[in-house]
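Bear in mind these aren't lab numbers, they're just calculated from the coordinates by the rules spelled out. Given the structure is predicted, the values throughout are model-derived calculations rather than measurements. In this analysis, Cβ positions are derived from the backbone assuming ideal geometry, glycine residues included, and neighbour counts consider all displayed protein chains.
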Amino acid sequence: MSKDTEDHTVGMEQFETLPRRILTVYLPLAVFVFVLLFPFYWMAITAVKPNYQLTDYDNYSPFWVVGATLEHVKYLLFETSYPGWLWNTMIVAVASTFISLAASVFAAYAIERLRFTGARITGLLIFLAYLVPPSILFIPLAFIVFQVGIFDSKLALILTYPTFLIPFCTWLLMGYFRSIPYELEESALVDGATRWQILTKVVLPLAVPGLISAGIFAFTLSWNEFIYALTFISSSENKTIPVGVLTELVRGDIYEWGALMSGALLGSLPVVILYSFFVDYYVSSMTGAVKE
Amino acid sequence: MAMTDRPQDEAEPRGGIWSRFIESRNGLGFLFMLPAAVFLLCFLTYPLGLGVWLGFTDTKIGRPGIFVGLENYAWLFDDPVFWLSVFNTMVYTFVASVLKFGLGLWLALLLNRHLPAKNFFRAIILLPWVVPTVLSALAFWWIFDSQFSIISWVLMKWGLIDAPINFLGDPWNARWSVIAANVWRGIPFVAISLLAGLQTIPQSLNEAAAIDGATPWQRFTKVTLPLLTPIIAVVMTFSVLFTFTDFQLIYVLTRGGPVNATHLMATLSFQRAIPGGQLGEGAAIAVAMIPFLLAAILFSFFGLQRRKWQQGGSD
């Protein structure tokens, strides 16, 4: 995690005085970090606040909690369909990630290394496909999903999520495959390996970091997806976390902020945990998609 | 040396149409492209075309439509709510993108300094972008609550205001609030991407400029910014694209209210098509986004790319 701190900026900063540095660097940075993290703190503190403290700002400081409680979490886990939504989201995210990765590995290898006729155009089309936003596709997709007869099923999501995952993963993997020296493949070819052997024994082992990047990124994108899940799913037991929390936990005029915030917190945890283990892969996949 | 452990039968010439197909570049390429192509053709290209077609029909949920020509578009043209949503989308995209760019670049420059625990900062700053938007938007919903907003409470405590701010109930307040939430979510992406770009600029250029007597501001505008322009163009194109087609934040925070003041084209399209049942009209709104989208992409992409030769690069 700390190997890329080859610092280019040390050069002139030694001339800066400490007070000036505090004012121009640390103070703005502290404000940024505070603003970016405060909503999470607010989410977390609300999730463990007993109901009588939630809106009573006069007697209890809103920024702290006395006698934290797990009643909201208990309510979520035992009196709502929340565990089911977690499970659905997990299945959909894992399945669509897996499908997309498999399809993308072949596509990226074909475009980048087999160099079939029209490979460049195909690569460009894949990139353009990445730019097509879900908000203009969901209506016709809903129409198709309905006609195929998979409306209100997890399959509808598993089959439609790859539309935004495959272009992204393919684009990312193309970059990784490009960085693998041709010579390795050539010598394997000379040794009589088939294309399949080259792909599975030479290229894929070298592209593992790329596969991890694409995989966790795709998983996060599927976990966070909202508009398709909102449109294609109608029954409570098939909902995913974002849709379930929003459509089932928000009822009438009395908002149960404690339950809502613990739902949001619990639903974020899986991706945050995954993220915390693979920060560098996230950064490289995000910047990798941009840098090409 | 690897030659010796090559199986003998591999050397035999292979016959048959199938195996020759497999061995050829184009044959194997076709085969390898097949899974991705099938997915993208069935669930991306086909729906895209179908969406354009639906826009010319009066399809409703549960009832197949007939071709009505430009009727949907003529109807939208006279619909003030549609034009309000176009206006909102423009304001939302423009203001949010400018703020994301300015603040994101600032944050990237701060992170590019010599800092203790730099990687830790970089990691926590990306959090807003990793967490599901709908869930963080719920936190903003609670922060923007009309009675118990923590922002109102703090401002009242400091004596700056007398009554809680009605964040999401007043048209312009609501617009600023959703923009703020969008900027909050978008800054990490812009900052971390630009940081990656900044790290590729050799420090020697800055040092040379400093020795020649350039002020920090001159070094920033004459050295750093021109070198960063290509990556800015790409990052902002993505940012504009995702802001223009945003749906989740609005849907959670306001559902387009109050009185359509925050309806974006995407949310209006959903509103008309799914709860309203007018698939044809919703599809027409979605299709109407495409020219705006292309214009926004072209503007941010070429508008920024052009700077390369304006600032003395090769052309």
>> Please compute the average number of Cβ atoms from other chains found within 10 Å of each residue's Cβ in peptide B:137-149.
In response: 5
> Taking only C-alpha pairs under 8 Å that are 6+ residues apart, what is the relative contact order of chain B in percent?
Replying inline: 25 percent
> Given the options B:145, B:170, B:78, which has the most mean-square fluctuation in a GNM of chain B, springs set between C-alpha atoms less than 10 angstrom apart?
Replying inline: B:78
> Can you tell which of A:275, A:52, A:182 shows the greatest fluctuation in a Gaussian network model of chain A with Cα springs below 10 Å?
Replying inline: A:52
> Rg and Dmax of the protein assembly as shown, using alpha carbons, in Å: what are they?
Replying inline: 26.2, 89
>> Could you work out the relative contact order of chain A? I mean the mean sequence separation of Cα pairs under 8 Å and 6+ apart, divided by the number of residues, in percent.
In response: 28 percent
> Efficiency by 1/(1 + (r/R0)^6): what FRET value for residue B:120 and residue A:22, r their Cβ-Cβ distance, R0 = 25 Å, to the nearest 0.05?
Replying inline: 0.85
> Which of B:144, B:120, B:101 moves the most in a Gaussian network model of chain B with Cα springs under 10 Å?
Replying inline: B:120
> Along the stretch A:47-59, what does the Karplus equation 6.51 cos²θ - 1.76 cosθ + 1.60 (θ = phi - 60°) give for ³J(HN,Hα), rounded to whole Hz, x for Gly and Pro?
Replying inline: 5, 10, 7, x, 4, 5, 8, 3, 10, 9, 6, 7, 9
> Given A:74/A:239; A:74/B:118; A:154/A:201, which pairs have Cα atoms separated by over 31 Å?
Replying inline: A:74/B:118; A:154/A:201
> P(r) of the stretch B:81-306 in 5 Å steps, Cα pairs, percent per bin?
Replying inline: 1, 6, 12, 15, 15, 15, 12, 9, 7, 4, 2, 1, 0, 0
> Per residue, what volume in Å³ does the convex hull of the Cα atoms of the stretch B:98-145 enclose?
Replying inline: 94 Å³
>> Averaging over every viewing direction, what projected area does the convex hull of the Cα atoms of the stretch A:75-287 cover, in nm²?
In response: 14.1 nm²
> Based on the Kirkwood radius over alpha-carbon pairs, what value in µm²/s does the Stokes-Einstein equation return for the translational diffusion coefficient of the stretch B:29-126 at 25 °C and 0.890 mPa s?
Replying inline: 130 µm²/s
